[in-house]
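J.: To start, I am sharing the structure in question, which I have written as structure tokens.
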Amino acid sequence: MIDRSSSQSSGNAAEAMARKHLEQHGLHLIAKNWRCRCGELDLVMLDTDTVVFVEVRYRHHNAWGGATESVDTRKRKKLTQAAMTFLQQESRWNQHPCRFDVVAISAASKDKLQLNWIKNAFDG
């Protein structure tokens, strides 16, 4: 279960849960919590030869929209800019295909979490 005592601890736990799930599906970690002036990339993973920029969203309740809906146009733009900066600074990855995934984690019930992995989340 995710500790909700602070947003930072719940965010870290959600990212750890997402990372574990993705690694169980064959992805490999390149970077986590990568920061630049444009923003932060939660997880950067490698799926075979594809660089995957993963945004992890956790919502305890859906009062202000769910985890998936929280990745709005403004957030997508920030993630895209951060990803471009990552590829410029980490040149060994800039010739690989890329995609953006979202891992949305929400409370399904009091003691159970629901994880929804959305591949190519920014596609039409």
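The values are calculated or read from the model by the stated rules, or taken from the named source; none is laboratory data. Just so it is clear, the model here is predicted, and its values are computed rather than measured. Please note: Cβ atoms are built from the backbone with ideal geometry, for glycine as well, and neighbour counts cover all protein chains shown.
J.: Against the conditions (1) buried (at least 18 other Cβ atoms within 10 Å of the Cβ); (2) of a type in the set (Phe, Trp, Tyr); (3) over 19 Å from Ala16 (Cα atoms), where does Phe122 fall short? Just the number, please.
T.: Among (1) buried (at least 18 other Cβ atoms within 10 Å of the Cβ); (2) of a type in the set (Phe, Trp, Tyr); (3) over 19 Å from Ala16 (Cα atoms), Phe122 violates only (1).
J.: Among what's in region 56-77 and is among the hydroxyl-bearing types (Ser, Thr, Tyr) and under 16 Å from Asn116 (Cβ atoms), pick the residue that is modelled with the lowest pLDDT.
T.: By that ranking, first place goes to Thr68.
J.: Do the conditions hold for Gly26, that is, is it assigned to a loop (DSSP other than H, G, I, E, B) and either buried (at least 16 other Cβ atoms within 10 Å of the Cβ) or at pLDDT below 95 (or both)?
T.: no
J.: Condition (residue is modelled with pLDDT under 95, farther than 15 Å from Trp117 by Cβ, among the β-branched types (Val, Ile, Thr) and part of a helix (DSSP H, G or I)) applied to region 1-23: is it met by at least one residue?
T.: No, the conditions are met nowhere in region 1-23.
J.: Still on this structure, I have one more. Report the residue count in region 86-119 for those that are in contact with a strand residue (DSSP E or B) (Cβ under 7 Å, 6 or more places away or on another chain) and either surrounded by fewer than 17 Cβ atoms within 10 Å (Cβ to Cβ) or of a type in the set (A, V, I, L, M, F, W, C) (or both).
T.: Number satisfying all stated conditions: 20.
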